[in-house]
Every structure is written in structure tokens, then in C-alpha cells.
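Student: My structure is below; once you've seen it, I'll send some questions.
The values are calculated or read from the model by the stated rules, or taken from the named source; none is laboratory data. None of these values were measured; they are calculated from a predicted model. All Cβ positions, even for glycine, are placed from backbone atoms using ideal geometry, and neighbour counts span all protein chains on display. Ligands, DNA and RNA are excluded from the accessible area calculation, which covers all protein heavy atoms including side chains. Shrake-Rupley method; radii C 1.70, N 1.55, O 1.52, S 1.80 Å.
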Amino acid sequence: MYTWDFNILWSYRWLFLNGTLMTIAITAGVIILGLLLGLLAGLMQLSRNPILRWISWAYIEIFRCTPLLVQLLWFYYALPVLTGVELSAMTAAVMTLSLYGGSFYAEVIRGGVIAIDPGQSEAGLALGMTPAKVMKRIVLPQAIKQMIPPLMNQSIIQFKNTSLVSVLAVPDLLYQGQVITMDTFRPLEVYTVIAVIYFVVLVPLTAIVKRSEKKLQRSH
Amino acid sequence: MTGTVTPDNTKIEITNLKKQFGSNIVLRDINVKVDAGSVVALIGPSGSGKSTLLRCMNLLVIPNGGRIRIGHHTFVFDDGSKMPRAKDQAHFRSNTGMVFQHFNLFPHKTVLQNVMEGPLVVKRMPKAQAAQLARTLLGKVGLADKADTYPDRLSGGQKQRVAIARALAMEPEVMLFDEATSALDPELVAEVLGVMRDLAAEGMTMIIVTHEMAFAREVADKVIFLRDGVIVEEGPARELIDNPKQEATRAFLSHFHTRND
């Protein structure tokens with residue numbers, strides 16, 4: 001029977017904290033950049049210009065239909081060979097995760113916009129508003145309401161996805177865990193603690209998502 | 001609006017208008033003239049093209065050929081030419097008010113904000129001035145007390161009256177009504193027709209797509225009967241509705257009560 005010993009990990013508490021903060025920071029950056037990319041690609045999907053539509057379609061499908069781990073390795077190891085541009089592990093990680101997340105956000109944003117009654121756009125246009133103004137003032141404010149829950153869900157998945165950046169030696173929570181494991185030979189305790197940390201951060205977040213979903217349904 | 005009577009007093013002039021969706025020809029060769037201050041009712045069976053014709057007048061549908069003039073603004077369409085630029089379309093539309101069958105109020109804005117939206121965004125009117133204009137118009141349609149309500153708290157008839165106020169806020173030269181009472185419960189139709197009747201009496205130029213024959217007979221100056229994308233018959237409202245000359249018009253009108261008594 002295995003005897004658990006968590007005491008040994010106490011001396012590594014700052015490393016755990018460091019890793020956790022790094023994971024949160026990467027997640028925040030990746031969500032913000034991903035949302036910008038997603039908004040751009042999502043609106044391009046709705047454009048009347050077929051070239052813009054094609055570009056965003058290609059982007060979305062490439063990143064949705066290849067594994068994130070493969071993308072990370074490709075951007076870090078293959079892209080420099082191809083272009084001669086060396087990316088730091090952090091840059092490659094944030095860029096890849098943002099592009100990956102953006103492809104999913106784009107679909108959510110496109111879906112949210114097309115779910116709005118076309119009569120809303122017509123009413124805006126009939127007043128003499130330009131299509132851009134209609135999007136900004138009439139369609140998006142209504143569509144965002146529908147989008148927020150799935151966007152939040154996707155962001156929660158992104159939080160967990162950041163654990164993959166450890167393969168590029170980005171010092172996130174999982175990477176620090178690997179370091180601690182090598183130091184202590186206590187993988188069972190270390191990875192249990194790491195799982196608990198992810199869980200403890202995400203459970204309140206999912207509760208907030210649930211509550212905001214209900215709130216949004218009631219609001220204008 | 002100036003009261004000057006020019007030799008040619010037409011506010012709207014539609015010439016050789018054509019529209020097709022794919023191979024489906026919806027409007028064949030439409031010519032319409034509407035005098036300033038007059039009310040024209042477009043009637044006809046569903047699929048006759050009357051709503052499409054109305055939507056062509058504010059470019060929500062872009063015609064494939066012909067010419068549309070409203071006031072001093074003219075657009076010429078022909079098959080080869082490119083679509084008018086979005087900005088030009090928007091400018092043209094700001095001169096016409098449109099009222100939809102399903103109201104299409106903005107649900108995320110209050111009644112007052114709905115009415116303010118056009119002047120605020122399109123005319124860049126200062127907020128206080130837009131609010132004042134909106135309150136005046138809401139008073140006119142009898143809904144001054146609903147200014148701070150959201151549309152989902154209103155009845156259908158109230159919604160449509162707000163939609164009329166919203167369109168009027170742009171101070172358009174022409175008002176277009178696309179089956180404005182068709183989605184209403186019967187007991188709510190009268191309040192909307194009442195507002196439209198007042199507008200007509202004030203001298204607003206109005207084009208009305210409607211199935212309310214009694215209303216058309218009473219309020220419209222001219223009735224145009226469309227079928228299969230063609231104007232079958234047009235004439236003074238009472239004359240056309242009481243004594244249609246064409247068999248098709250007669251057959252269509254036989255489905256309606258054409259009088260309010």
C-alpha cells in the first residue's frame with residue numbers, strides 16, 4: 001500500500017504558486033488575444049467579400065481540425081526552420097493558443113450574430129445606418145448576450161489547454177510540477193496537487209458562468 | 001417640406017423597375033408616380049411583389065433595373081452596374097421611414113432610445129435634442145408614458161406605434177408601411193390605423209402595403225393592384241375598390257370586407 005506524503009511538497013509551495021500565476025497570466029493573455037482574433041475571423045465569415053470569407057474559413061478550419069499539441073510543436077520547432085524567425089517558447093505558446101482559441105471563438109461569434117433576427121439589421125438600415133453601425137449598435141450588443149456563455153466555456157477549456165505549453169518548457173503550473181517531481185520522486189502527490197489547483201481555480205469560475213447565464217437571460 | 005407646388009408635384013417616381021431573385025422574376029416593369037402628400041395603397045395576393053416593390057423604395061432590396069426617385073434623390077439601376085455604395089444606400093434610406101410587419105424594435109433599448117437611435121447615430125443630433133424629439137413623437141403616437149419601458153413590456157399595437165415614432169424621428173419625406181397591422185391581434189389594429197390616419201391627414205406621403213381594404217378605401221388617394229409582379233390596375237381608391245375594372249382585381253377583392261359599416 002502506497003503511503004501518501006504531502007508534507008514534502010510544502011517546501012515547494014512558492015514554485016507551485018509561481019506556476020499557478022504563470023498559468024493564469026498565460027490564460028488571460030490567450031483569452032484576450034483569442035477574442036480579438038475570433039471577433040475578426042467571425043465577422044470576416046459574415047463579410048460580403050468572398051476572399052475575406054475564404055481566408056477566415058481556412059484559418060478557422062486549420063486550427064480547429066489539427067491537435068493543439070501538434071500546433072504548439074509546429075510553431076516552436078517547424079516555423080523557425082521554414083522562415084528563419086526564432087520564436088521564444090513563451091511567444092510560440094501564447095501565439096498558438098491564441099490562434100487555436102480564436103478559431104473556436106470565431107465560430108461562437110459568427111453563430112451569435114446570425115442567430116439575431118435579420119429584421120433587426122433591416123430596421124437599423126432603414127433608419128439610414130451604415131452596415132458597420134448596424135453591426136456595432138444593433139446586432140453585436142444583442143448577439144453578445146447569446147455569446148457570453150459559450151465564450152466563457154471556451155475560455156475555461158483554454159485555461160486547461162495552457163498545461164500543454166509545458167512541452168515547450170514554458171514554466172507554467174504543470175512544468176513546475178514536472179520540476180518538483182524530478183526533485184522529489186513524488187509524482188503521485190505532485191500531480192494530485194496540480195489537479196486540485198486546476199480544479200479549485202475552475203470550479204468557482206464555472207459557477208460564475210452558470211449564474212451569468214441566468215442573469216443574461218433576464219436582462220435586456 | 002416646403003409648400004411650394006411645382007408643376008410636377010411627384011414625390012416618388014419609379015420607372016421601368018425590375019427585380020428578380022435568381023430565375024424568379026418578382027417585379028417585371030413597374031412604373032409608379034406618387035404625388036407629394038398623397039397616400040398610395042399597394043394591394044395584391046401574397047407573392048404579387050408588393051412587399052418587394054416597397055422594399056425597393058428604400059433599397060432593402062436592390063432592383064435589377066429601372067430608376068427610383070424620391071424627392072431629390074435618384075438611383076438608377078441596371079443589370080451590369082455595381083451595387084450602390086453602402087454609404088449612398090444609407091443616405092438614401094435616411095430619407096424614407098419604414099414600418100415593418102413585425103415591428104423590429106430594438107429589444108436592448110428602451111422605447112425612448114429606440115426612437116432616438118436614428119437621429120443620434122445617423123444625423124449625429126445632440127443627445128438632449130434627440131431625446132426631446134423622441135418624447136414629442138412618443139406623445140404624438142400616444143405613448144409618452146412608455147418612454148422608459150423596454151419593448152418586451154408592450155402590446156403589439158404599442159410596439160408598432162413606437163416603430164412609427166422611430167421612423168418619423170428621421171423626419172423622412174416618405175413613410176413606407178409593410179403590412180403594418182398584419183401581425184396584430186384584431187383588437188389592436190385600430191390604434192395603429194388611427195396613427196396612420198393622423199399622419200395621412202397631416203400631409204405625409206405614404207406608401208402602404210396592406211390587406212385592410214376598408215382602411216385603404218377610406219385613407220388612400222390611390223390604390224395599386226399588383227399580381228405576379230405586374231401592375232394590373234390602379235386608380236382612385238374608392239373607384240378601384242368599389243368598381244374594379246379588371247376581372248383579376250374583382251376576384252381578389254371578393255375575399256375582403258371593403259367597408260367599415
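Student: Divide, for the protein assembly as shown, the radius of gyration over alpha carbons by 2.2 N^0.38 Å, where N is the residue count.
Tutor: Relative to the 2.2 N^0.38 Å estimate, the protein assembly as shown comes out at 1.33.
Student: Given +1 on the Cβ of Lys and Arg, -1 on the Cβ of Asp and Glu, and no further charges, what dipole in debye does region A:169-220 carry about its Cα centre, rounded to the nearest 20?
Tutor: 560
Student: For the full complex of protein chains and a 1.4 angstrom probe, list A:Ser163, B:Ser46, A:Ser103 by accessible area with the highest value first.
Tutor: Largest to smallest exposure gives the sequence B:Ser46, A:Ser163, A:Ser103.
Student: Probe radius 1.4 Å, ligands and nucleic acids left out: can you give me the accessible area buried at the A-B interface, summed over both chains, in Å² to the nearest hundred?
Tutor: 2000
Student: Would you work out which of B:Pro119, B:Ala237, B:Thr249 lies farthest towards the positive end of the dipole of chain B? Charges go on Cβ: Lys and Arg +1, Asp and Glu -1.
Tutor: Projecting each Cα onto the dipole axis, the largest value belongs to B:Pro119.
Student: If you don't mind, another one. Could you work out how far the C-alpha centroid of region B:141-156 sits from that of region A:30-97, in angstrom?
Tutor: 47
Student: Then there's this: As an exercise, take the mean of 1/r over every pair of distinct alpha carbons in chain B, invert it, and state the Kirkwood radius in angstroms.
Tutor: Averaging 1/r across every pair of different Cα atoms and inverting gives 19.0 Å.
Student: If one computes P(r) from the Cα atoms of region A:7-219, what percent of pairs lie at distances over 30 Å?
Tutor: 35
Student: Same structure again: Relative to the first principal axis of the alpha-carbon coordinates of chain A, what is the inclination of helix A:140-161, with its axis defined by its Cα atoms, in degrees from 0 to 90 and to the nearest 10?
Tutor: So the inclination is approximately 20 degrees.
Student: On to the next question. When you look at the Cβ of every residue in B:96-102, what mean number of other chain Cβ atoms sits within 10 Å?
Tutor: Shielding by partners across B:96-102 averages 3.
Student: Compute the Kirkwood hydrodynamic radius of region B:81-188, taking the inverse of the mean of 1/r over all pairs of distinct Cα atoms, and give it in Å to one decimal.
Tutor: With all distinct Cα pairs of region B:81-188 included, I get 14.2 Å.
Student: Moving to a separate point now. Can you put A:Met182, B:Met196 in order of accessible area, largest first, using a 1.4 Å probe?
Tutor: A:Met182, B:Met196
Student: Here is a further query. Determine the residues within region A:174-220 where the difference in accessible area between the chain on its own and the full set of protein chains amounts to at least 30 Å²; count protein heavy atoms only and use a 1.4 Å probe.
Tutor: Residues of region A:174-220 that lose at least 30 Å² of accessible area once the other chains are added: A:His220.
Student: Another one. What full-extension length gain, to one decimal in nm, is calculated for B:Asp242 and B:Ile62 as 0.36 nm per residue of separation minus the Cα-Cα distance?
Tutor: The span from B:Asp242 to B:Ile62 would gain 61.4 nm if fully extended.
Student: Something else now. What number comes out for the charge environment of B:Asn95, summing +1 per Lys or Arg and -1 per Asp or Glu over other residues with Cβ under 10 Å away?
Tutor: Summing Lys and Arg as +1 and Asp and Glu as -1 gives -1.
Student: Sticking with this structure for a sec: Which value results when the Cα radius of gyration for region A:95-189 is divided by 2.2 N^0.38 Å?
Tutor: For region A:95-189, the normalised Cα radius of gyration is 1.70.
Student: Continuing with the same structure: Each label point is 7 Å from the Cα along the Cα-to-Cβ direction; what then is the distance between the points at A:Thr192 and B:Ser182, in nm?
Tutor: The modelled label-to-label distance comes out at 6.9 nm.
Student: How are the Cα pair distances of region B:1-135 distributed, in percent, across 10 Å bins from 0?
Tutor: Going out from 0 Å in 10 Å bins, region B:1-135 shows 10, 34, 33, 20, 3 percent.
Student: Taking the 0 to 90 degree range and rounding to the nearest ten, how far is the long axis of helix A:50-64 tilted relative to the main principal axis of chain A, both from C-alpha atoms?
Tutor: 20
Student: Ignoring ligands, DNA and RNA, what percent of the accessible area of the protein assembly as shown is carbon or sulfur (1.4 Å)?
Tutor: Solvent-exposed carbon and sulfur of the protein assembly as shown make up 59 percent of the total.
Student: Quote the accessible area belonging to A:Cys65 in square angstrom, nearest 10, computed with a 1.4 Å probe and with ligands, DNA and RNA left uncounted.
Tutor: Counting only protein heavy atoms, A:Cys65 exposes about 100 Å² to solvent.
Student: With all protein chains present and a 1.4 Å probe, how do A:Lys214, B:Lys11 order by accessible area, largest first?
Tutor: Final ranking, largest accessible area leading: A:Lys214, B:Lys11.
Student: Computed over the Cα atoms of region B:64-139, what is the convex hull's projected area averaged over all directions, in nm²?
Tutor: Answer in nm², one decimal: 6.8.
Student: Taking every DSSP beta bridge that has both residues in the protein assembly as shown, what percent is antiparallel when rounded to the nearest 5?
Tutor: Percentage antiparallel, nearest 5: 60.
Student: Just to confirm the number: angle between the C-alpha axis of helix A:13-45 and the first principal axis of chain A, 0 to 90 degrees, nearest 10?
Tutor: Rounded to the nearest ten degrees, it is 20.
Student: Further, regarding this structure: Applying a 10 Å radius around every beta-carbon, put A:143-153, A:53-63, A:169-179 in order of their mean neighbour count, most first.
Tutor: A:169-179, A:143-153, A:53-63
Student: Excluding residues on the same chain fewer than 8 positions from B:Lys11, give the lysines whose Cα lies under 30 Å from its Cα.
Tutor: Within reach: A:Lys133, B:Lys19, B:Lys33, B:Lys50, B:Lys82, B:Lys87, B:Lys123, B:Lys140, B:Lys159, B:Lys222, B:Lys245.
Student: At 1.4 Å probe radius, can you tell me the per residue accessible area of the protein assembly as shown in Å²?
Tutor: 49
Student: Oh, and also: Quote the accessible area belonging to A:His220 in square angstrom, nearest 10, computed with a 1.4 Å probe and with ligands, DNA and RNA left uncounted.
Tutor: Here the accessible area works out near 80 Å².
Student: Can you grab the distance from the C-alpha centre of region B:44-115 to the C-alpha centre of region B:176-210, Å, no decimals?
Tutor: If you average the Cα positions of each part, the centres end up 18 Å apart.
Student: Let me ask you something else. From other protein chains only, count the Cβ atoms within 10 Å of every residue's Cβ in A:114-126, then give the mean.
Tutor: What the average comes to for A:114-126 is 6.
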